[in-house]
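The values are calculated or read from the model by the stated rules, or taken from the named source; none is laboratory data. These numbers were taken from a predicted model, which means no experiment stands behind them. Reconstructed Cβ throughout: ideal geometry from the backbone, glycine too, with neighbour counts over all protein chains shown.
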Amino acid sequence: MLIGIVLILTWLILLLRYPAKALPLSMAAVAGLGLVAAWVLWQERAEERRFARLEIQLRLDDRCPADRPLAISVRNGADAVLRDFAWQLQAFRPGDAINLAQPSYDHPRYLGPTELQPGAQWQDCLALPPIRQGYRAQSLEFRAANLRGTFVD
């Protein structure tokens, strides 16, 4: 933080002392930073649009093993390959917005396929997240949250 303050003070002194030289360089630096910020925002929005095109369905399924009763189906509707897909599970009562999965420091992260092609579908059975006391998994709906992964063109 001290280095940042020193840099800003130095820049201000140079700007006041030599405005004819420092002002054009400052404007070029600001324009460059603006371009970099615009490019980063554009990339983030593209990634958000691709994550929005993922179709994730979670449901309790009798065909899954007893220790992993939650069936997941992920379809990649994006136009790029999804790699290293990970997420966290949340549990809600139907129509409610309170997450009933117990928060903890070591909240489990679920991992998907290492690579999911555009238009491809992946299915698996998952273990339930820890649910708050007094709620049954059969009465809850589950959602994937905190999606992580990379899309590769």
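Numbers at a glance
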| read-out | value |
| --- | --- |
| Selected residue [in the same structural domain as residue 146 (by TED's automatic domain parsing) and under 30 Å from residue 133 (Cβ atoms)] from 59, 83, 75 | 59 |
| Matching strands (runs of 3 or more DSSP E) fully within the range 35-153 where at least 2 residues are at negative phi and in contact with a Phe, Trp or Tyr (Cβ under 7 Å, 6 or more places away or on another chain) | 70-76, 81-92, 141-152 |
| Qualifying residues in the range 100-112 (those that are surrounded by fewer than 16 Cβ atoms within 10 Å (Cβ to Cβ) and either among the small types (Gly, Ala, Ser) or under 17 Å from residue 58 (Cβ atoms) (or both)) - the one modelled with the highest pLDDT | 111 |
| Some residue of the range 16-33 being of a type in the set (Val, Ile, Thr), within 30 Å of residue 149 (Cα to Cα) and either loosely packed, with under 11 Cβ neighbours inside 10 Å or at pLDDT below 90 (or both) | no |
| Residues located in the range 37-59, provided they are of a type in the set (Gly, Ala, Ser) and either exposed (fewer than 10 other Cβ atoms within 10 Å of the Cβ) or closer than 15 Å to residue 153 by Cα (or both) | 46 |
| Residue in the range 83-90 that is more than 23 Å from residue 149 (Cα to Cα), surrounded by fewer than 17 Cβ atoms within 10 Å (Cβ to Cβ) and in contact with a strand residue (DSSP E or B) (Cβ under 9 Å, 6 or more places away or on another chain) present | no |
| Number of positions in the range 1-51 that are hydrophobic (A, V, I, L, M, F, W, C) and touching a strand residue (DSSP E or B) at 6+ places or on another chain (Cβ under 9 Å) | 2 |
| Total residues in the range 124-149, condition exposed (fewer than 13 other Cβ atoms within 10 Å of the Cβ) and not basic (Lys, Arg) | 6 |
| Qualifying residue in the range 27-41 (condition: under 18 Å from the mean Cα position of the chain (by Cα) and within 23 Å of residue 129 (Cβ to Cβ)) | no |
